[in-house]
Amino acid sequence: MPFELPALPYAYDALEPHYQTENLEVHHAKHHKTYTDKLNEAVQKAGIEGKSIEEILTSLDSIPAEVRQPVINHGGGYYNHAFFWECMTPDAPAAPSGDLAAAIDARFGSFETFKEAFSAKATNHFGSGWAWLVVNEKGELEITDTHDQICPLSLGQKPLLTIDVWEHAYYLKYKNVRPEWIKAFWNIVNWNKVSERFAAAQA
Ligand code: MN3
C-alpha cells in the first residue's frame with residue numbers, strides 16, 4: 001500500500017483567523033501531497049515498500065546511502081506534516097492540563113516560561129525547519145529544533161508538539177514576520193492531543 005495524503009482533522013477554514021484558509025489549503029493539498037508522492041517514489045527506489053513511516057524513520061541507517069536522502073526528506077515531510085496537523089484544533093484549550101501541565105511546570109518553571117522558550121526556539125531557527133517539544137532519550141521534556149524535514153523519531157526522541165517554521169507554512173498571511181505566526185499558533189494548539197502523546201511516551 002503506498003502512502004496516502006492523510007485528511008485534515010478539520011476544514012481548511014476551521015483555524016481562522018490564526019491559520020489562513022488559503023495558506024492551510026496550499027500547505028496540505030500541495031506541499032504535503034508532494035511529500036507524499038515523492039515519499040512513495042523514494043520508498044520504491046530504496047526497496048522498502050510496506051514498512052510503516054515510523055519504522056522507516058527509526059531505521060534510516062539500514063537504507064543504502066545513495067537512496068537514503070530522498071527518504072529522509074520526503075519521509076520526514078510526510079510524517080512531520082501529518083503530526084503537525086494533529087497539533088492544531090479549532091477547539092483549543094488555553095493551556096495544557098493534568099500530568100502534562102505538571103511535567104511542563106516541573107521542567108520549565110511555568111507554562112508561560114515554556115511558551116517563551118518554545119517561541120524563541122521557533123523564532124530563532126535559521127532557515128527552513130521545525131521547533132519541537134519532545135521527550136528526549138533520557139525521558140525528559142526538551143525543546144528542540146530540526147532542519148528541513150529531519151524528524152525527532154530519527155534522533156531517538158518522542159515528539160509531542162511541533163510548529164512548522166518553513167516560510168510556506170505562514171507566508172500568505174504573515175509574510176516574513178515569523179513571530180506573528182508563532183504568536184497565533186498558541187491559539188490553536190491541541191493540548192489534548194499533546195497530552196495523549198505525553199501519556200503514550202511514558203508507557
Ligand atoms: Mn510545511
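Just checking the listed ones, HIS74, HIS28, HIS168: in the Gaussian network model of the chain with Cα springs under 10 Å, the one fluctuating most is HIS168.
With all protein chains kept in place, the per residue accessible area of the chain amounts to 48 square angstrom at a probe of 1.4 angstrom. Sequence-ordered 3J(HN,Hα) estimates for the range 143-159 from the Karplus curve with 6.51, -1.76 and 1.60 and θ = phi - 60° stand at 8, 9, 9, 10, 8, 6, 10, 4, 10, x, 4, 6, 9, x, 10, 10, x Hz, glycine and proline given as x. Applying 1/(1 + (r/R0)^6) with R0 = 22 Å to the Cβ-Cβ distance of SER62 and ALA203 gives a FRET efficiency near 0.30.
When each of the peptides 194-201, 146-153 is scored by how many other beta carbons lie within 10 Å of its residues on average, the order from highest to lowest is 146-153, 194-201. Relative to the longest principal axis of the Cα atoms of the chain, the long axis of helix 98-108 lies at roughly 90 degrees. As I understand it, the value is the acute angle between the Cα axis of helix 111-124 and the longest principal axis of the Cα atoms of the chain; what does it come to in degrees, rounded to 10? Roughly 50 degrees, rounded to the nearest 10. Taking only protein heavy atoms and a 1.4 Å probe, the accessible area of the chain is 51% carbon and sulfur.
A straight line joining the Cα centroids of the range 37-100 and the range 121-153 runs 14 Å.
Toward the positive end of the charge dipole of the range 98-202, about the Cα centre and with charges on Cβ (Lys, Arg +1; Asp, Glu -1), which of ALA103, LEU153, PRO179 goes farthest? Selected residue: PRO179. Hydrodynamic analysis of the range 98-202 uses the Kirkwood radius over alpha carbon pairs. Inserted into Stokes-Einstein at 10 °C and 1.306 mPa s, it gives a translational diffusion coefficient of 113 µm²/s. Over the range 21-86, all Cα pairs binned in 10 Å intervals from 0 give whole-percent P(r) values of 22, 52, 21, 5, listed from short to long.
Taken over the C-alpha atoms, the range 1-53 has Rg and Dmax values of 13.9, 43 angstrom. The ALA106 and LEU155 beta-carbon pair, evaluated with R₀ = 22 Å, returns a calculated FRET efficiency of approximately 0.45. Take the convex hull of the alpha carbons in the chain; its mean projected area over all directions comes to 11.0 nm². When +1 charges are put on Lys and Arg Cβ atoms and -1 charges on Asp and Glu Cβ atoms, the dipole computed for the chain relative to its Cα centre reaches about 240 debye.
For the listed peptides 9-18, 179-188, a ranking on the average number of other beta carbons within 10 Å per residue, highest first, reads 179-188, 9-18.
The values are calculated or read from the model by the stated rules, or taken from the named source; none is laboratory data. Computed from a predicted model, the values in this text were never measured in an experiment. Positions of Cβ are generated from backbone atoms using ideal geometry, with glycine treated the same way; all protein chains shown enter the neighbour counts. Ligands, DNA and RNA are excluded from the accessible area calculation, which covers all protein heavy atoms including side chains. Shrake-Rupley method; radii C 1.70, N 1.55, O 1.52, S 1.80 Å.
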